[in-house]
1. Tell me, what is the FRET efficiency for residue 45 and residue 71 to the nearest 0.05, using R0 = 22 angstrom and their Cβ-Cβ distance as r?
2. Compare the peptides 46-57, 25-36 by average per-residue count of other Cβ atoms within 10 angstrom and give them in order, highest first.
3. From the phi of every residue in segment 66-81, what ³J(HN,Hα) in whole Hz does the Karplus formula 6.51 cos²θ - 1.76 cosθ + 1.60 yield, where θ is phi - 60° and glycine or proline is x?
Amino acid sequence: MSFNEIVCVINNSQLIIKIMLDIRIPIGLMFTVLGVMISIYGIITNSNAVMYTKSFGININIWSGLGMLLFGLIMLALTRIKKKV
């Protein structure tokens, strides 16, 4: 029995109910949405040089947003891969 199966005992017989509990879907959606939002914010505030003086002129919002977007898309892509059971 794997982690995504629930065993119900009805009249002394086992009934295995499979439930797809894949945590990659909500994590992928969350990181994808936040990555898009932070990237858009970085694009909008790209012309504000004072804002990026602490990060040595690097627009950290664009880079962190793109990293989060990439991680979210990878997590969502991994949900498409079928598990070998």
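1. Numbers: r = 22 Å, r/R0 = 1.00.
Result of the calculation: an efficiency of 0.50.
2. Put in order of decreasing packing, that is 25-36, 46-57.
3. 5, x, 5, 5, 5, 5, x, 5, 5, 4, 5, 5, 5, 6, 6, 6
No value in this document is a laboratory result; all are computed from the given coordinates. Note that the structure is a prediction, hence the values are computed from the model and not measured. With ideal geometry, Cβ positions are generated from the backbone for all residues, glycine too; neighbour counts draw on all protein chains shown.
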